[in-house]
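I have placed the structure first, in the form of structure tokens, so that the comments after it can refer back to it.
The values are calculated or read from the model by the stated rules, or taken from the named source; none is laboratory data. None of the values given here were measured: they were computed from a predicted structure. With ideal geometry, Cβ positions are generated from the backbone for all residues, glycine too; neighbour counts draw on all protein chains shown.
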Amino acid sequence: MPEQPVLTCRPSWKYQLASAYTDPVELGQYLQLPATWIAQHAPARALFPLRVPRHFAELMAIGNPHDPLLRQVWPLTDEFRQTPGFIEDPLGEKEASAGNAILHKYSSRLLLIVRGGCAVNCRYCFRRHFPYQEHKLGRAELENVHQYLMADTELNEVILSGGDPLMADDTHLEAILSLIESVPHIRRVRIHSRLPVVIPDRLTLDLAKRLEQSRLDTILVIHANHAREISQPLKENLAIWRQHGIHLLNQSVLLREVNDDAETLTELSEALFSAGVLPYYLHQLDKVAGAAHFAVTDEQAGLFMQELRARLPGFLVPKLVREIAGEPSKTPIQI
Ligand SMILES: *Cc1c(COP(=O)(O)O)cnc(C)c1O
Ligand code: SF4
């Protein structure tokens with residue numbers, strides 16, 4: 001009798017993107033959350049749509065409405081509360097949301113909004129008010145970017161960001177990379193993306209090979225906030241990217257009831273290192289309207305940092321920073 005074929009391949013990243021949860025009731029039922037709790041909070045989706053790829057949902061605990069991964073993506077009635085100091089555009093990035101692809105805040109690096117959308121909608125993100133959905137770096141804009149890069153020889157690094165730059169397909173990224181490579185004074189290209197965490201299969205072998213062939217130094221900064229986000233498929237794909245010479249870093253956001261204790265942050269750093277990733281930044285929350293329930297005070301954050309320094313080698317301690325509009329770099333928080 002012929003053997004049953006074994007299904008070893010996972011669906012493509014594009015299929016996984018298209019099949020993300022967008023209905024809180026569906027996600028809530030999959031996680032077996034109390035029906036009353038789902039009904040109570042689901043209306044907050046009107047403020048910012050729910051979007052959760054299935055891989056990310058599979059990393060959550062069943063039956064726990066307070067799961068730290070769920071909390072990052074689940075609408076809560078708290079979002080309706082107005083809190084002084086929490087505003088729609090804390091970083092002054094309205095300009096970028098209006099379709100401007102270039103953000104040039106720091107002298108040596110230029111940030112490109114490659115794609116406006118994301119694979120996951122994080123409730124704490126400033127993007128909740130500017131989903132710049134359809135924005136795409138088209139041919140005409142690429143020409144602008146080229147001229148901009150050529151004209152400023154102080155620039156040596158280009159950051160591909162968004163939204164999420166890995167929402168663009170490999171062909172589009174290829175065009176962007178070729179353009180950057182044609183500017184002699186650019187040395188590095190850096191990709192900032194949360195997609196690898198929520199759909200690890202986005203780390204395609206083809207893209208890794210393309211980056212390896214580049215004359216540029218290449219860096220991937222992933223965005224994980226909790227050790228449980230460092231899943232087995234993510235580890236496997238990161239290992240392949242690393243074999244292709246791509247430097248791996250992580251940035252996190254400090255989030256109340258997600259990762260706001262020294263133990264959880266220690267576990268995150270350890271999990272990252274075991275996946276070949278070094279912690280880079282730990283961001284204080286951008287004070288965006290609807291996200292005040294995620295805020296941790298600077299004083300508390302400083303205490304966590306003290307504890308992290310005692311528990312971890314220096315290279316596993318992220319830099320605690322805040323972004324302040326108008327400053328020439330991220331601002332370190334010192335207590
Ligand atoms: C955060 C950010 C960067 C990168 O800053 P690094 O300190 O180099 O990581 C660059 N441009 C903009 C607009 C940024 O917001
Ligand atoms: S920009 Fe990053 S933090 Fe914000 S919604 Fe997209 S993936 Fe989440």
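What the table below lists for this structure:
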{"quantity": "Test: residue in the range 314-321 that is within 16 Å of ligand 2 (Cβ to nearest atom), surrounded by fewer than 18 Cβ atoms within 10 Å (Cβ to Cβ), β-branched (Val, Ile, Thr) and on the phi < 0 side of the Ramachandran plot", "calculated": "yes"}
{"quantity": "Which listed residue, of Pro53, Pro75, Pro68, is crowded, with 20+ Cβ neighbours inside 10 Å and farther than 17 Å from Asp23 by Cβ", "calculated": "Pro68"}
{"quantity": "Leu268 modelled with pLDDT of 95 or more, over 30 Å from Asp298 (Cβ atoms) and buried (at least 21 other Cβ atoms within 10 Å of the Cβ)", "calculated": "no"}
{"quantity": "Residue within the range 156-164 that is crowded, with 21+ Cβ neighbours inside 10 Å, under 12 Å from the mean Cα position of the chain (by Cα), of a type outside the set (D, E, K, R) and not in a strand (DSSP E or B) present", "calculated": "yes"}
{"quantity": "Contacts under 7 angstrom Cβ, first residue in the range 237-253 being basic (Lys, Arg), partner buried (at least 21 other Cβ atoms within 10 Å of the Cβ), 6 or more apart", "calculated": "none"}
{"quantity": "Those residues of the range 224-241 which are more than 17 Å from the chain's Cα centre (by Cα) and under 19 Å from Asp164 (Cα atoms), in sequence order", "calculated": "Trp241"}
{"quantity": "Scope the range 258-283; condition without any contact (Cβ under 8 Å) to a residue 40 or more places away in the chain, closer than 20 Å to Leu70 by Cα and of a type outside the set (D, E, K, R); matching residues", "calculated": "Leu282"}
{"quantity": "Near pairs, Cβ below 6 angstrom, 6+ apart or cross-chain, from the range 99-124 (closer than 15 Å to Arg190 by Cβ) to any residue that is small (Gly, Ala, Ser) and within 12 Å of ligand 2 (Cβ to nearest atom)", "calculated": "Leu103/Ala96; Leu111/Ser161; Ile113/Ala96; Ile113/Gly162; Val114/Gly162"}
{"quantity": "Counted residues, the range 192-211 - those being within 16 Å of ligand 1 (Cβ to nearest atom) and either without any contact (Cβ under 8 Å) to a residue 60 or more places away in the chain or β-branched (Val, Ile, Thr) (or both)", "calculated": "2"}
{"quantity": "Cβ pairs under 7 Å, 6+ apart, first in the range 309-335 and within 19 Å of Ile222 (Cβ to Cβ), second of a type in the set (Phe, Trp, Tyr) and more than 16 Å from ligand 2 (Cβ to nearest atom)", "calculated": "Leu316/Phe273"}
